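Report on the following structure.
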Amino acid sequence: MALAALAACSGPPALAQQFGLMQACRGDFQAHCSGVAPGGGRIIECMRQHASELSAGCRAAIASQETKMMTKMAAKAEGGDAHVPAGVTVRRNIAYGTAPAQLMDIYAPQKPAHAPIIVMVHGGAWAFGSKTSAGVVENKVAHWLPQGFIFVSVETRLLPKADPVQQAGDVAAALASVERNAASWGGDPSKIVLMGHSAGAHLVALVTTDHALGQKVGLRPWAGTVALDSAAYDIIKIMQQPGHPPFYDKVFGKDPRFWAEASPALQLKGPVLPMLLVCSSLRSDSCPQAKAFAAKTGGKAQVLPVALKHMQIDSELGAGNDYTQQVDAFLRSIGLP
């Protein structure tokens, strides 16, 4: 995610100066995270939680660093990305809508035929991140493309240009575009799994439960959904808790009607596709939210607690671990590959 650039704020001074973030984000760190002990990614996670409250200067510095990172990644891709298996075809910035951010990258194996497809939505507190952010693509492509999958990484509009429900609409539009074009890529439109991490996990869950979002763009049912460590299934419940993360106030506002509209748990009004809800057992809010949501789905949603940190749940998926094997088992259970 883009906030990975904030690692500079918790690292050695020379590294912070290199990224140009220390001075821009110093006040934000003091305001929101000065009491957080360094180490273990805790400062980065704190800044991520306050993403929507960061100053304009800090946000601009992060955006600038993210642009540099994306440019570097694009240059690597042109010369052969070390994280992408040999022989993979990469098509970048394919538009699924008219907004500049409505783009997706497609990673395909050689000569795919009726290939299953994973459609991935990045995280970033609904305000940051991109389809090429660290941890979104690398291990997943390395794991699933040799098995014959096509992998699609989706970009959406972000705050303040689009609220979370509008972002979910972008995800629905991207998924509908994948369905329409899958056959031309060598993919199977009946074997698509929708996946997302963090804020992206909230978005894919909302698209899965709010059928109106899909109806607007002609979306057809897909095979299933994998939500990677969302703690935002019931926004009303979260917003009514005195200790909820402060940045949620800027993300979801003050209108209870919007909270309901943005709550996957409150949009369960029709058939539910198979879902796997991965949650970090190291967080206090993720697994309880996932279990409460799953209880409302009539057995359609499975909960998979894993002893990994929030960002590791994204970056280590596909890294040859037991967690990945359990996700593979879910994919097989819904007919993929």
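The values are calculated or read from the model by the stated rules, or taken from the named source; none is laboratory data. Being a predicted model, the structure only gives us computed values, none of them experimental. Positions of Cβ are backbone-derived with ideal geometry, glycine not excepted, and every protein chain shown enters the neighbour counts. With ligands, DNA and RNA removed, areas are computed over all heavy atoms of the protein, side chains included. Shrake-Rupley method; radii C 1.70, N 1.55, O 1.52, S 1.80 Å.
Listing for the model above:
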{"quantity": "Selection from segment 288-324 of residues that are closer than 25 Å to LYS237 by Cα, in contact (Cβ under 8 Å) with a residue 12 or more places away in the chain and part of a helix (DSSP H, G or I)", "calculated": "GLN289, ALA290, LYS291, ALA292, PHE293, ALA294, HIS310, MET311, ILE313"}
{"quantity": "Which numbered condition THR89 fails, given (1) at pLDDT below 95; (2) open to solvent by less than 30 Å² (accessible area, probe 1.4 Å)", "calculated": "(2)"}
{"quantity": "Complete set of residues in segment 271-285 that are over 11 Å from ALA227 (Cα atoms) and part of a strand (DSSP E or B)", "calculated": "SER280"}
{"quantity": "Criterion (open to solvent by less than 10 Å² (accessible area, probe 1.4 Å), at pLDDT 95 or above and not in a loop (DSSP other than H, G, I, E, B)) met by exactly one of ALA182, ALA232, ALA162, ALA212", "calculated": "ALA182"}
{"quantity": "Members of segment 142-159 found to be open to solvent by less than 20 Å² (accessible area, probe 1.4 Å) and polar (S, T, N, Q), listed by number", "calculated": "SER153, THR156"}
{"quantity": "Among residues of segment 325-337, those that are touching a residue at least 12 places away in the same chain (Cβ under 8 Å) and closer than 20 Å to GLY187 by Cα, counted", "calculated": "7"}
{"quantity": "Qualifying residue in segment 60-75 (condition: open to solvent by 30 Å² or more (accessible area, probe 1.4 Å), at pLDDT below 75 and touching a strand residue (DSSP E or B) at 6+ places or on another chain (Cβ under 8 Å))", "calculated": "yes"}
{"quantity": "Looking only at segment 185-209, and only at residues there that are open to solvent by 10 Å² or more (accessible area, probe 1.4 Å) and within 21 Å of the chain's Cα centre (by Cα), the one that is nearest to PRO112 (Cα to Cα)", "calculated": "LYS191"}
{"quantity": "Any chance TRP144 is in contact (Cβ under 8 Å) with a residue 12 or more places away in the chain and farther than 30 Å from ASP249 by Cα", "calculated": "yes"}
{"quantity": "Residue count for segment 213-234, restricted to those that are over 20 Å from GLY335 (Cα atoms) and out of contact with any strand residue (DSSP E or B) (no Cβ under 6 Å at 6 or more places or on another chain)", "calculated": "11"}
{"quantity": "Residue match in segment 253-268 (condition: of a type in the set (D, E, K, R), open to solvent by 70 Å² or more (accessible area, probe 1.4 Å), in a loop (DSSP other than H, G, I, E, B) and in contact (Cβ under 8 Å) with a residue 24 or more places away in the chain)", "calculated": "no"}
{"quantity": "Check on SER286, in contact with a Cys (Cβ under 9 Å, 6 or more places away or on another chain), under 22 Å from ALA199 (Cβ atoms) and open to solvent by less than 50 Å² (accessible area, probe 1.4 Å)", "calculated": "yes"}
{"quantity": "Total residues in segment 97-121, condition under 29 Å from GLU53 (Cβ atoms) and either open to solvent by 10 Å² or more (accessible area, probe 1.4 Å) or touching a Cys at 6+ places or on another chain (Cβ under 6 Å) (or both)", "calculated": "6"}
